[in-house]
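This report refers to the structure that appears directly beneath it.
Values quoted throughout were computed directly from the atomic coordinates according to the rules given, and no laboratory measurement underlies them. Keep in mind that what you see is a predicted model, and the values were worked out from it rather than measured. Don't worry about glycine lacking a Cβ; one is built from the backbone with ideal geometry, like all the others, and counts go over all protein chains shown.
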Amino acid sequence: MNKTDLIATAPSIAAAMAAADVSPDIQLTQTRYRAALVSSWGIPAGASVLEVGCGQGDMTAVLAEAVGPQGRVVAVDIADPSYGAPVTLGQSAEHLKATPLGSRIDFRFGLDVLDEAVTFPDSGFDYAVLAHCSWYFASLDQLRETLARVRRWARNLCFAEWDLAPCSADQLPHLLAVLIQGQVMASGSRGEGNVRTPFSHASLLRVLAATGWDPVPGQSVDTTALQDGDWEVDACTALLDNVDRMAELPRTVLDLVLSQADVLRSLAKDHGNTPLPAYSLTAR
């Protein structure tokens, strides 16, 4: 399936998602973005894909469309299927499995790829995919270990993540929101938030080099239509309003976080915060 064909199928892919029943316009926007990513990676029909950090399956559904009836997608996530709102991971997976795309997908929740009991055949997958999930890792070391382990199982890597380098001032609220969340997590205050380890594009390239992956020069990705800037500002605001979580912070960290929160509140909008840019790359 070529790039134009895959992007053209975005409405039907989005309709296969349970979240489309809640927010159809948002789901379509998110699906179109992921269709553009997969198209740029050139994953062909018939390919086998291991997706790490599949979440509710937004990327999984697009990958299943790209590989076609003869391909397969093994989608894994360390989270429990009960995680997520307003639609849980399990509910989303069940909904997607009931569609024509479902026969191409094997969801495995509660699975830690770093568990020695978890294994796949060496070079058993054509591609490993990590898309907008790496900031959710507990540390950069955990990501490094994951990429090293996946290196045995897949011949190619497709990777996408937000870029910490903003292109414009209106992306600063998203940047501050993720940095604040990362600082709170790094201080040892563990919660249920998604963003735990925001790292730079350059850091990712160093990790790839250390784990044996040879990346092809990446490209920036258009994120302007996405809603993630608003989502992360809201998540950060909820974190700052959590009195118990804030009380866990060392005083020096709390002072730093509160100062950044003051700047965030002065810049953020109630709605329409522009998301950070993102980058996409492949490696072998």
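Where the Cα atoms of the chain are projected onto their three principal axes, how long is each span, largest first, in whole Å?
55, 40, 36
For n ≥ 4 DSSP H runs only, could you compute -39500 (n - 2.57) per run for the chain, divide by its residues and tell me the 222 nm figure to the nearest 500?
So the calculated ellipticity at 222 nm is -13000 deg cm²/dmol.
P(r) of segment 234-275 in 10 Å steps, Cα pairs, percent per bin?
All Cα pairs considered, the percentages come to 25, 53, 20, 2.
Averaging over every viewing direction, what projected area does the convex hull of the Cα atoms of segment 66-128 cover, in nm²?
5.1
Through the Karplus equation 6.51 cos²θ - 1.76 cosθ + 1.60, θ set to phi - 60°, convert the phi angles of segment 143-158 into ³J(HN,Hα) values in whole Hz; use x for Gly and Pro.
5, 4, 5, 5, 5, 5, 6, 5, 4, 6, 8, 10, 7, 9, 10, 10
Could you list which residues have their amide H under 5 Å from that of E161, counting only those 5 or more apart in sequence or on another chain, with H placed in the peptide plane?
Sorted by chain and number, the residues that satisfy this are H132, Y279.
Using the charge dipole of segment 194-262 (Lys, Arg: +1 at Cβ; Asp, Glu: -1 at Cβ; taken about the Cα centre), state which of N194, W213, S259 has its Cα farthest towards the positive end.
Final value for the positive-end residue is W213.
Quick one: what are the phi-derived ³J(HN,Hα) couplings along segment 201-206, Karplus 6.51/-1.76/1.60 with θ = phi - 60°, whole Hz, x for glycine and proline?
So the J values, rounded to whole Hz, are 4, 4, 4, 4, 4, 5.
Cα-based Rg (one decimal) and Dmax (whole number) for segment 175-262, in Å?
Rg, Dmax (Cα atoms, Å): 15.6, 45.
How much net charge surrounds V178 when only other residues with a Cβ under 12 Å from its Cβ are counted (Lys, Arg +1; Asp, Glu -1)?
Surrounding charge for V178 is -3.
With viscosity set to 1.306 mPa s and temperature to 10 °C, compute the Stokes-Einstein D of segment 120-270, Rh being the Kirkwood radius across alpha carbon pairs; µm²/s, no decimals.
94
Go ahead and set up a Gaussian network model of the chain, Cα springs under 10 Å, then flag whichever of M17, M246, M59 fluctuates most.
M246
Specify the residue with the greatest mean-square fluctuation among A238, A15, A75, computed from a Gaussian network of the chain linking alpha-carbon atoms under 10 Å apart.
Highest fluctuation of the listed residues: A238.
Counting only residues 5 or more places away or on other chains, whose amide H sits under 5 Å from the amide H of F107 once H atoms are built in the peptide plane?
Those qualifying (amide H under 5 Å, at least 5 residues apart or on another chain) are A75.
With charges only on Cβ, +1 for K and R and -1 for D and E, what is the dipole size of the chain about its Cα centre, in debye, rounded to 20?
Around 740 debye, computed over the chain.
For the charge dipole of segment 66-124, defined by +1 on Lys and Arg C-beta atoms and -1 on Asp and Glu C-beta atoms about the Cα centroid, which residue among P100, P86, G71 has the Cα displaced farthest towards the positive pole?
The listed residue farthest towards the positive side: P100.
Taking Rh as the Kirkwood radius, which is the inverse of the mean 1/r over Cα pairs, what is the Rg/Rh value for segment 1-120?
Reported Rg/Rh, Kirkwood definition of Rh: 0.96.
Quick query: amide H of Y83 versus all other amide H atoms, modeled in the peptide plane; which residues come in under 5 Å with a sequence gap of 5 or more or a different chain?
When sequence neighbours closer than 5 places are left aside, the close amide H contacts are L89, G90.
Taking each pair of distinct Cα atoms in segment 40-181 once, what is the resulting Kirkwood hydrodynamic radius in Å?
Taking the inverse mean of 1/r over all distinct Cα pairs, segment 40-181 comes out at 16.1 Å.
Determine the distance separating the Cα centre of segment 212-232 from the Cα centre of segment 119-169; give it in Å without decimals.
13
With θ set to phi - 60°, apply the Karplus curve 6.51 cos²θ - 1.76 cosθ + 1.60 along segment 53-64 and write out the HN-Hα couplings as whole Hz, x wherever there is a Gly or Pro.
Whole-Hz 3J(HN,Hα) from phi for segment 53-64: x, 6, x, 7, x, 4, 6, 4, 4, 5, 4, 4.
Tally Lys and Arg at +1 and Asp and Glu at -1 over the other residues with C-beta under 10 Å from the C-beta of V76: what net charge comes out?
-3
Which net charge results for the neighbourhood of L147, defined as the other residues with beta-carbon distances under 15 angstrom from its beta-carbon, given Lys and Arg at +1 and Asp and Glu at -1?
Summing Lys and Arg as +1 and Asp and Glu as -1 gives +1.
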